[in-house]
Amino acid sequence: MKMEKEEMIDDELSSVNELKVIPMRHKDVEAKVKAGKVEEWFYTDIVKDHFFNPRNLLRSDDDLKKFAHDGYGSVGAAACGDKMDMWIKIDKENDKIIGCLFKTFGCGSAIASTSMLTVMITENGGMLIEQALKIKPQDIVKRLGDLPQRKFHCSVLGDKSLRQAINDYFRRTGQNDRIVIEGAQVVDMALKITDKDIEEAVLDGAHDFEAVQKKTKVGVHDKSCIPKVKELIEFYKQKYYGG
Amino acid sequence: MEKISLKEIYLDNAATTYTDKRVVDEMLKYMSGDGVYGNPGSFNTIGLKAKKALDDARQRAANILGCNSSEIIFTGSGTESINLALQGIARANMNSKKKHIITSKVEHKAVLETCEYLESTGFKVTYLDVDEFGLVKPEKLGAALTDETLLVSIMYANNEVGSVNNIPELVKVCKESGKKVLFHTDACQAAGYLDINIKNLGVDLMTINASKLYGPKGVGLLYIRQGVVLKPIIIGGGQERGLRSGTENVAGIVGFVKALEIAEQEKNSEVKRLTELRDYLIKNLMEKIPKVLLNGHPMQRLPNNANLSFIDVEGEAIMLMMNEVAGICASSGSACTSKTLDPSHVILALGRPYEVAHGSIRFTLGRSTTKANIDKVIEVLPGIIEKLREISPVNLKMEEVLPIGK
């Protein structure tokens, strides 16, 4: 079984590191993995591994106190099927993320992709904030060794909650000029459909106007928005699948 | 009863069942060159043997349903039977004033999508709300009936939460209204467990399929009361009284009827056995795991169905963990297991909030299910839920997730 390299943490940050390596593997799974008996699944071995052994999981209020986070972000709701909470620790001098804790309500791939994201931003001594802000869902999917197409949307909340946590850090430290606002803009006036809805539809596999309309009903009443919607679809296709 | 042993613990029998070995053995006689392989429509001795087999199977099915053999049409699936019933009735009434159909919000997609299609052709459809158990209230049906109502289609037992509608009572409401309404019931989940005798049910049309009762996939049946006029949706050589053209699937039909007979013979003992196992499973999971809700009616439900919502966790994650850890195969009403982004329309129709629908798991027991299987579920599930709750940031109070308005 292919395993992800465990993240490297500087010695002086060993207190953060302690929180990260608590083994979480179910004993039955452990035995199966050791015996090489883990059978083919819908998901890759990396996804399974992160699902069964989430890295950087926040386990208790005590953990959080010890962690002393610099930023917190939360996206989604249980009602929508996904909710992700993320806490980050910043090396202020070097503008790097050096620690991250998370909690996720969601399916296997949602849990695995948040876990993987926390590894990506903290490995090799931590990621520069500027770099972390650029992480796209497909970067996470790539590291997971792919996700089934229709599970792709399950990986989009992690990067959103990360950006929220980073904004929270900027706010707490008075770096207001660095805050990135991600506002939704209404494109279909009749049905109040926003660019975010178009983004979601593209992420969910709708790659042309007809498919997006089928999912969102965009442009059914307000036909004037169709050219703009087509533009957005191209933009998000490029953003998520093109690069 | 046939004994089989599986490596996995298969608790998804409402999705489909395996084909019983006795059924397979029977079917094999109707395929190869030394068997009965002819076209029932051929006027030669080979064809006549096939026609005789088909006639015989139809008569045996009629015996079980308590109807005339001419009232049975064999189709390619439950979905096709439903389409033939709904579209067939609608097509025969395109020029009539009666263009209103009543169904319920918890029907199978085959009914709901067909109704939606019929709306696009000019029919008006009423989708009845159900109670908190998923049942259609007779008074709600009565209130929805109008002079324009042509057809009512209400499922016998729900495929997701297992709640069993009182079909004779619902039929009575239609008859007593004097509105000349046809009644169709989707009995795909009911067959094998409940009374499917037409005389007792009083319905005008009824759908059953083979792949839910240990018969082969790809065979369905539609009972059509004598005198009810339908127009076909598949046109061609005029087989099945012109209502379903295409060479009859003789082996499949013979297998279906054999499966139906076995299911009827073993019904009483199997219902008793599964009801006990079902209740044992529900009771133990609800005792051993905090914050669990039972979806569907506690008693008026299919003997093989247990549908539970585990609060604060997501169904697909539960399913995957159960599958990986103990080989348990179940299904979930979570959005992540559906093709759309919406969770189960059935669980939502019970008045449950979205959070609860996302965390629902359906266990459907069957002939292969043993007490040891159920014990395994009871053994591993509490730990799985605990583990997923540790990962989850959600911690709802039970008051927040109880049915709306309750």
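The values are calculated or read from the model by the stated rules, or taken from the named source; none is laboratory data. Keep in mind it's a predicted model, so treat the numbers as computed, not measured. All Cβ positions, glycine included, derive from the backbone under ideal geometry; neighbour counts span all protein chains shown. For accessibility, only protein heavy atoms count, side chains too; no ligands or nucleic acids. Shrake-Rupley method; radii C 1.70, N 1.55, O 1.52, S 1.80 Å.
Tabulated data for the structure shown
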item: Any chance A:Met120 is assigned by TED's automatic domain parsing to the domain that holds A:Asn56, under 24 Å from B:Lys387 (Cα atoms) and open to solvent by 10 Å² or more (accessible area, probe 1.4 Å); result: yes
item: Close pairs (7 angstrom Cβ cut-off, 6 or more residues apart or separate chains): under 18 Å from B:Tyr193 (Cα atoms) in the range B:145-166, of a type in the set (Asp, Glu) and modelled with pLDDT of 95 or more anywhere; result: B:Met155/B:Glu107; B:Met155/B:Asp186; B:Tyr156/B:Asp186
item: Those residues of the range A:198-219 which are over 12 Å from A:Tyr240 (Cβ atoms), open to solvent by 60 Å² or more (accessible area, probe 1.4 Å) and not basic (Lys, Arg), in sequence order; result: A:Asp208, A:Glu210
item: Condition check for B:Val229: farther than 26 Å from B:Ile262 by Cβ and either of a type in the set (D, E, K, R) or open to solvent by 30 Å² or more (accessible area, probe 1.4 Å) (or both); result: yes
item: Counted residues, the range B:351-387 - those being facing chain A (nearest Cβ under 9 Å), within 22 Å of B:Glu324 (Cα to Cα) and surrounded by 23 or more Cβ atoms within 10 Å (Cβ to Cβ); result: 3
item: Of all residues making up the range A:71-93, the number that are touching a residue at least 12 places away in the same chain (Cβ under 8 Å), open to solvent by 20 Å² or more (accessible area, probe 1.4 Å) and more than 21 Å from A:Val156 (Cβ to Cβ); result: 3
item: Odd one out for A:Ile46 among (1) open to solvent by less than 30 Å² (accessible area, probe 1.4 Å); (2) modelled with pLDDT under 90; result: (2)
item: Residue tally, condition within 13 Å of chain B (Cβ to nearest Cβ) and either under 21 Å from A:Val141 (Cβ atoms) or not in a helix (DSSP H, G or I) (or both), over the range A:212-241; result: 1
item: Count of residues meeting criterion [open to solvent by 30 Å² or more (accessible area, probe 1.4 Å) and at negative phi] in the range A:128-147; result: 9
item: Enumeration of residues in the range B:284-302 that are within 19 Å of B:Lys272 (Cβ to Cβ) and surrounded by 22 or more Cβ atoms within 10 Å (Cβ to Cβ); result: B:Arg301, B:Leu302
item: Qualifying residue in the range A:101-110 (condition: closer than 20 Å to A:Tyr240 by Cα and more than 10 Å from chain B (Cβ to nearest Cβ)); result: no
item: Residues of the range B:323-333 classified as within 11 Å of chain A (Cβ to nearest Cβ) and of a type in the set (A, V, I, L, M, F, W, C), total; result: 2
item: So B:Thr207, is it assigned by TED's automatic domain parsing to the domain that holds B:Thr114, in contact (Cβ under 8 Å) with a residue 40 or more places away in the chain and within 26 Å of B:Ser269 (Cα to Cα); result: yes
item: Flag for A:Glu200 being modelled with pLDDT of 85 or more, among the charged types (D, E, K, R) and either assigned to a helix (DSSP H, G or I) or not assigned by TED's automatic domain parsing to the domain that holds A:Phe102 (or both); result: no
item: Complete set of residues in the range B:277-320 that are within 14 Å of chain A (Cβ to nearest Cβ) and farther than 19 Å from B:Val394 by Cα; result: B:Leu320
